Amino acid sequence: MIYFVTKQTELFDNINYMILPMEKSLKMIDSWGESFQFDTETNGRDSHINKLLLAQFGDTQNDTQVVVDCTTIDILNYKKLLESKYIIGQNLKFDLQFLYNYNIIPRKVYDTMIVEQLLYLGYPSIIEDNINGINYSLKAIAKRYLNIDIDKTVRGEIIWRGIDTSVIIYAAGDVKYLGKIKNIQIDECKKKSCIKAAKLECDFVPVIAYLEWCGIKLDVDKWKIKMKKDLEDLSIAKKELDSFVISNPLLSEFTFIDRQGDLFTGFDLTPKCTINWSSSSQVIQVAKILGFDTKVVDKKTGEEKDSVIEKQLKKQKGINDEFLKLYLGHGESGDDDFFIGYQGAAKLVTSFGQGHLNAINPITGRIHTSYKQLGADTGRMSSGSKQNNNDLAKFKKLPINPSSKQKKEGLGCPYPNMQQLPSDDYTRSCFIAESNNLWVSCDYSAIESRLGADIYKEQSMIDEYLHGSGDIHSLVAKMVFDELKDIPIKDIKKKFPHLRKLAKPIEFSQQFKK
C-alpha cells in the first residue's frame, strides 16, 4: 500500500495511493521498528543547486510505503526518525547530502550499493568498462537477487513531469525491495567473511557524503597565478622539444622553412617544427623514428596498439634519453636537475587549470567534487569523475555535456580529482581554510608496509619503525640501489627522492609476493 503525504488538495481519490496526514505518517513510520527503507527524488544531482522533491519511506516487514511531498511538507518533521532509526538505502551518499541542507544528519545507514560493490570488489564495473562487468544499480541488484524488473523510465522524466501519479508510484517502488536485498547481502557477506568490512563501509557513507557536501575552498587569485606559470612552463617545454626536432637529422621531415615570406613581415628562414605535441599519433611517429617500441596491449580489447604512454617509453631508457627528458620530464620537483617536460606541463594546464575554477559553486564558494569510497580494486577511495556537473554548468551558463574540444578550452564543469594534486607546495597552498575554520590533514604513514612488517616479521623493517626514522620507502631504496649504501636512511628522502620513489613498486610487490 502506498500512502502520500502532501498539502496539495486533490479533487478525486486516487486508486493508486491513499492520502495520509503528516502526523499519522510519523506514527506509522515509527511503528515499523528500528529500521526503514529510504530514498529521495530531486530535480537534479547537485545538492547545493537543486531541490528535494520527495522523500520515500518503506516498511521492511510489509509492503507499505510512505511518499512525502517535500514541496509542501517540511522534511524537518521527519528529522528525529531519520536520525534515530537505521536507514536502508541505495547510494545513500546522494540522499544524505540533500538532508544535510536541512541539518538532518543520519548516522546509522546501510547502503545496498556499497555492500554490493564490496561483495564484487575487483570485478570490472559495467558502467566503466561497458563489457562483461557488474552493474551496481538498484535495477541490476534487484534483478540479480530477486529476479524482479524495476522500471526506471520515470526517473529521467521527473524534472519535467513534476509530482504526478506515475512519479509517486515510481518513488514508492524504490523503497520496496531494499530490505530483502539487505538480508540476502548479509548472508553473502557471512559466506565471504566480510561482515565487519560491510559495516565499516556503511559507517563511512555519511562521512564521504559530508566530505562532498562541505567541499573545499580554493584561493582563486593564487590559482590564477599558478595557471599563468603553468602556461609559461608549457611554452618552455614546447620550445625545447621543437629545438630538439630541428637539430635532429632523423626528424627533418617534421621541420619547415618558409622561403616565401611577404611584404609585411619579411623573410624568416629559421626552421620551424611542425609537430603538434598534443597529438599522440604525431608523437608516436617521432618515437618510432627515434627507435622506441610503441606497441602495447589494450587492456579492454586485448589487441595490440601504438602508444606513447609514460610507462611504455620509460622502460626503454637509453634509446634516446634526451627525448624522454624533454617529452616526459626528469627528476622530482625540488631537485636541482628537475625538468617538468612537455607532457607534465600540458597535464597541469589541462587538468589543473580553468576546470577547477569552473567547478566552484557560486552558492557555497567551494569546489564540490565526487568521491568513490570503493573506487579501486584494493578498496581505496578515488576522486573525480568523467561526467560533467551539468547542474552547475547550467547555473553558471557554461556548456552542458561539453565536447572534448570544449573541455580542453576550459568550458566544462568537471568533478576534479582532489586526490592526485601536483605535489608542489604552491599548488597545495591554493587550497585554504576559510575564516574561523581549520585545515586538517591526516594520513596513514605507510600502512601497507607496517602491516607487512608485522605479518611477515620482517626484522629490518620492524627495527626501522621502532628505532630508526620510520621511513620504510627509504630503507628499501637503500637495499636496492648501490649508490645509497653509505647514505643514512633519514637523508634519502631529501637527497634522493627519485630513487625512493622507484623503490616503492619493488617494496609493495615483494610484500604481496610473500
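Counting beta carbons within 10 Å around each of ASP463, ASP242 and listing the fewest first gives the order ASP463, ASP242. Distances between placed amide hydrogens fall under 5 Å for ASN135 paired with ILE126, all partners being 5 or more residues away or on another chain.
Sites count as exposed loop sites when they are GluC sites (Glu not before Pro), lie in a DSSP loop, and have at most 13 other Cβ atoms within 10 angstrom; the longest stretch of the chain without one is 35-302.
Only lysines eight or more places from LYS79 in sequence, or on another chain, were considered; those with a Cα closer than 27 Å are LYS7, LYS24, LYS27, LYS51, LYS93, LYS108, LYS176, LYS180, LYS182, LYS199, LYS372. Put in line by how crowded their Cβ is, counting other Cβ atoms within 10 Å and starting with the fewest, VAL154, VAL283, VAL480 read VAL480, VAL154, VAL283. A full extension of the chain between GLU409 and ASP486 corresponds to an added length of 22.7 nm, given 0.36 nm per residue minus the alpha carbon distance. Sites listed here are trypsin sites (Lys or Arg not before Pro) in region 70-172 whose DSSP assignment is loop and whose Cβ has at most 16 other Cβ atoms within 10 Å: ARG107, LYS108, LYS152. Couplings for region 162-178, taken from phi via the Karplus curve 6.51 cos²θ - 1.76 cosθ + 1.60 with θ = phi - 60°, read x, 9, 10, 4, 4, 5, 4, 5, 4, 4, 5, x, 6, 10, 9, 10, 4 Hz in order; Gly and Pro are left as x.
Close amide H partners of ILE148, meaning residues 5 or more places away or on another chain with modelled amide H under 5 Å apart, are LYS143. Computed extension length for LYS228-ALA376: 49.9 nm, one decimal, from 0.36 nm per residue of separation with the Cα-Cα distance subtracted.
With only Lys, Arg, Asp and Glu charged, each at its Cβ (+1 for the first two, -1 for the last two), find how big the charge dipole of the chain is about the Cα centre; round to the nearest 20 debye. Write down the numbers at each step before the final one.
On the way: 70 positive and 69 negative charges, 72 e Å.
The dipole magnitude comes to about 340 debye.
Approximating the spin labels as points 7 Å out from Cα along Cα→Cβ, the LYS191-to-GLU157 distance works out to 3.7 nm.
By how many nm would the segment from LYS80 to THR364 grow when fully extended, if each residue of separation counts as 0.36 nm and the alpha-carbon distance is taken off? Display every interim value, and only then the final one.
Numbers: separation 284, 0.36 × 284 = 102.24 nm, distance 2.67 nm.
Length gained between LYS80 and THR364: 99.6 nm.
In this structure, MET479 and GLU322 have a Cβ-Cβ separation that, at R0 = 41 Å, corresponds to a calculated FRET efficiency of about 0.85. Once the Cα atoms are used to define both axes, helix 497-513 deviates from the longest principal axis of the chain by about 50 degrees.
Using the Karplus relation 6.51 cos²θ - 1.76 cosθ + 1.60 with θ = phi - 60°, the per-residue 3J(HN,Hα) values for region 418-423 come to 8, 9, 10, 6, x, 7 Hz, with x marking Gly and Pro.
Using R₀ = 60 Å, calculate the FRET efficiency as 1/(1 + (r/R₀)^6) where r is the Cβ-Cβ separation of LYS315 and LYS7; round to 0.05.
Working: r = 67 Å, r/R0 = 1.12.
The pair LYS315/LYS7 has a calculated efficiency of 0.35.
Only Cα sites of region 353-420 enter the Debye sum here, all with the same form factor; the resulting log10 I(q)/I(0) across q = 0.14, 0.18, 0.28 1/Å is -0.42, -0.65, -1.21, listed in q order. Going by Cα centres, region 37-101 and region 348-390 are how many Å apart? Region 37-101 and region 348-390 have Cα centres spaced 25 Å from each other. A dipole drawn for the chain from +1 and -1 charges on Cβ atoms has a positive end, and of LEU92, LEU20, HIS473 the residue lying farthest that way is LEU20. When the C-alpha to C-alpha distance is required to be over 18 Å, the pairs from LYS217/LYS394; LYS288/LYS317; LYS305/LYS501; LYS457/LYS494; LYS228/LYS386 that qualify are LYS217/LYS394; LYS305/LYS501; LYS457/LYS494; LYS228/LYS386.
Mind giving me the FRET efficiency for TYR123 and VAL207? R0 is 30 Å, r the Cβ-Cβ distance, nearest 0.05 is fine.
0.75
Here the Karplus relation 6.51 cos²θ - 1.76 cosθ + 1.60, evaluated at θ = phi - 60°, turns the backbone of region 404-410 into coupling constants of 4, 5, 5, 5, 5, 7, x Hz, with x for every Gly and Pro. Relative contact order of the chain, taken over Cα pairs closer than 8 Å and 6 or more residues apart, is 11 percent. Dividing the helix sum by the residues of the chain, where each DSSP H run of 4 or more adds -39500 (n - 2.57), gives a mean residue ellipticity at 222 nm of -12500 deg cm²/dmol.
Going from the residue with the fewest nearby Cβ atoms within 10 Å to the one with the most, THR301, THR255 rank THR301, THR255. Using only the Cα atoms of the chain, each taken as one equal point scatterer with no solvent, compute I(q) by the Debye sum, divide by I(0), and report log10 of the ratio at q = 0.06, 0.11 Å⁻¹. Debye output, listed in q order: -0.41, -1.15.
All of the numbers you see were taken from the coordinates with simple rules; none came from a lab. From a predicted model like this one, the values you see are computed outputs, not experimental measurements. Please note: Cβ atoms are built from the backbone with ideal geometry, for glycine as well, and neighbour counts cover all protein chains shown.
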